[in-house]
Amino acid sequence: MSFSLDPVSAASLKAEAKILREERAGIGEAITHGAALEIVARSHGYRDWNTARAALPERVPTPVQVGERVEGFYLGQPFKGLVIGVNLLSDMRHYQVTIKFDEPVDVVKSELFSAFRQRVTSTVDVYGISPARTGDGEPQMRIIRS
């Protein structure tokens, strides 16, 4: 079985079933597509394919992918960096995204001291915008694909 960075969806399970069929055919164990769907659904904890299909969306949109270069604003400061983690949250509408900035970002607006961050984790929606806001009402994180 291969590993995918895509969030679990009906489309991702169908892709896994296709790969399973190809792998089994390669070793002389031909199985039907329906049987492959049943095996994959059970491997993900569902009773059968119909149960999995009813529980999962067809596709899950993602704001960014692991390994993608992005830019944007974090706490009002511009950044460029690399996405090193993406996790779909249980509400199926928000993601926990971890970004390693190319250069540390000073997250304090005061001239009296600084606080630099090079790796941050933030919750964002499918558009890459954080629902959490700063004191001036701006999103804490705004991701723009490079």
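The values are calculated or read from the model by the stated rules, or taken from the named source; none is laboratory data. From a predicted model like this one, the values you see are computed outputs, not experimental measurements. Because the Cβ atoms are built from the backbone with ideal geometry, glycine has one as well, and the counts that use them run over all protein chains shown. Note: areas computed on protein heavy atoms with side chains; ligands, DNA, RNA excluded. Shrake-Rupley method; radii C 1.70, N 1.55, O 1.52, S 1.80 Å.
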>> Show the residue pairs meeting these rules: Cβ distance below 7 Å; 6+ apart or different chains; first residue within segment 11-24 and in a helix (DSSP H, G or I); second residue among the small types (Gly, Ala, Ser).
In response: 12/4; 13/41; 13/52; 17/36; 19/2; 20/36; 21/36; 24/30
> Within segment 100-112, is even one residue in contact (Cβ under 8 Å) with a residue 60 or more places away in the chain, more than 17 Å from the chain's Cα centre (by Cα) and part of a strand (DSSP E or B)?
Replying inline: no
>> I'm checking my understanding of the structure. Among residues of segment 40-56 that are without any contact (Cβ under 8 Å) to a residue 12 or more places away in the chain and charged (D, E, K, R), which one is most open to solvent (accessible area, probe 1.4 Å)?
In response: 47
> Can you name every residue in segment 72-88 that is out of contact with any Ser or Thr (no Cβ under 9 Å at 6 or more places or on another chain), open to solvent by 50 Å² or more (accessible area, probe 1.4 Å) and farther than 11 Å from residue 119 by Cα?
Replying inline: 73, 77, 78
> Does residue 59 meet the test of being at pLDDT below 90, surrounded by 12 or more Cβ atoms within 10 Å (Cβ to Cβ) and basic (Lys, Arg)?
Replying inline: yes
>> With the requirement that a residue be closer than 26 Å to residue 96 by Cα and surrounded by 12 or more Cβ atoms within 10 Å (Cβ to Cβ), what does segment 5-39 give you?
In response: 6, 7, 8, 9, 10, 11, 12, 13, 14, 15, 16
> Any idea how many residues of segment 62-71 are open to solvent by less than 70 Å² (accessible area, probe 1.4 Å), under 15 Å from the mean Cα position of the chain (by Cα) and within 28 Å of residue 137 (Cα to Cα)?
Replying inline: 6
> Listed residues 97, 108; which is modelled with pLDDT of 90 or more and aliphatic (A, V, I, L, M)?
Replying inline: 97
> Looking at segment 113-135, which of its residues are assigned to a loop (DSSP other than H, G, I, E, B) and either touching a residue at least 60 places away in the same chain (Cβ under 8 Å) or among the aliphatic types (A, V, I, L, M) (or both)?
Replying inline: 115, 126, 127, 128, 132
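The rows are residues; the columns are (1) in contact with a Phe, Trp or Tyr (Cβ under 6 Å, 6 or more places away or on another chain); (2) farther than 29 Å from residue 131 by Cβ.
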{"residue": "17", "(1), (2)": "no, yes"}
{"residue": "24", "(1), (2)": "no, yes"}
{"residue": "29", "(1), (2)": "no, yes"}
{"residue": "82", "(1), (2)": "no, no"}
{"residue": "94", "(1), (2)": "no, no"}
{"residue": "102", "(1), (2)": "no, no"}
{"residue": "118", "(1), (2)": "yes, no"}
